[in-house]
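Colleague: Below you will find the structure I want to go over with you.
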Amino acid sequence: METYVDAVGMDTAATTTTETTASSKNKKKLKVMVAIDESKNSFYALEWAVEHLKDVMSAEPEIDQEGGLLTLVHVNPSGATASATDSVPELMKKAGVQSTNLFTPALELCRAKMVKTETMILEGDPKEMICQAVEQAHVDLLVVGSRGLGMIKRAFLGSVSDYCVQHAQCPVLIVRPPKETSSSK
């Protein structure tokens, strides 16, 4: 092994290693929020985020650095699960069961990649509730899937991702699925 000495008289191999370790310790771990629903596109957005952002979220015990946090947020639209015969406890139970079933594969994916994860279940307008959650949790990045609505449908129905881009208090990453995964509903 050859050792080189720089102009200051320091071993450059040692300097590089020290600088790399120091920069690793100073690397900020992010708080990332991923909005999920029952669609394949939102799960693809989660997969993409876990795969591509795991280095800025996962802990590094070898250098004693705590990891970031991935928050999975699901919003049950107000009244979307209601029927005329449901009582309030029945509605809450239905919403909880649906959300639990939704989070199970998402949490398994995060555990497999060793990403620290928390879940949030909110009630209300998804667009507004996601933006409120971002603000309250002081999130560094919001990740949402794209449903692939055309311009006309998006104009009439509105788009959660478009709304979040305009109103969220952090950068927003919209993940488009590959063509074969995209749904054109």
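The values are calculated or read from the model by the stated rules, or taken from the named source; none is laboratory data. Note that the structure is a prediction, hence the values are computed from the model and not measured. Heads up: the accessible areas ignore ligands, DNA and RNA and are worked out on the full protein's heavy atoms, side chains in. Shrake-Rupley method; radii C 1.70, N 1.55, O 1.52, S 1.80 Å.
Colleague: Within region 84-114, how many residues turn out to be in a helix (DSSP H, G or I) and either of a type in the set (A, V, I, L, M, F, W, C) or at pLDDT 95 or above (or both)?
Modeller: 12
Colleague: Also, quick follow-up: For region 115-133, check the following and say yes or no: at least one residue is β-branched (Val, Ile, Thr), in a helix (DSSP H, G or I) and modelled with pLDDT of 90 or more. So that I can check it myself, show each step before the final result.
Modeller: The first filter runs over region 115-133 and keeps only residues β-branched (Val, Ile, Thr), leaving 115, 117, 119, 121, 130.
Next, from what is left, pick out any that are in a helix (DSSP H, G or I): 130.
Then drop every residue that is not modelled with pLDDT of 90 or more, which leaves 130.
Yes; the residues of region 115-133 include at least one that is β-branched (Val, Ile, Thr), in a helix (DSSP H, G or I) and modelled with pLDDT of 90 or more.
Colleague: A further question follows. Residue by residue through region 140-163, note down the ones that are part of a loop (DSSP other than H, G, I, E, B) and either modelled with pLDDT of 90 or more or open to solvent by less than 60 Å² (accessible area, probe 1.4 Å) (or both). Show your work before the answer.
Modeller: Filtering region 140-163 down to residues part of a loop (DSSP other than H, G, I, E, B) leaves 140, 146-150, 158-159.
140, 146, 148, 149, 150, 158, 159, listed by residue number.
Colleague: From the residues in region 22-58 that are among the polar types (S, T, N, Q) and open to solvent by 60 Å² or more (accessible area, probe 1.4 Å), which one is modelled with the highest pLDDT?
Modeller: If we filter region 22-58 for residues that are among the polar types (S, T, N, Q), which is where we start, we get 23-24, 26, 39, 41-42, 58.
Now narrow it down to the ones that are open to solvent by 60 Å² or more (accessible area, probe 1.4 Å): 23, 26.
On the way: 23: 46, 26: 55.
Restricting to residues being among the polar types (S, T, N, Q) and open to solvent by 60 Å² or more (accessible area, probe 1.4 Å), the top hit is 26.
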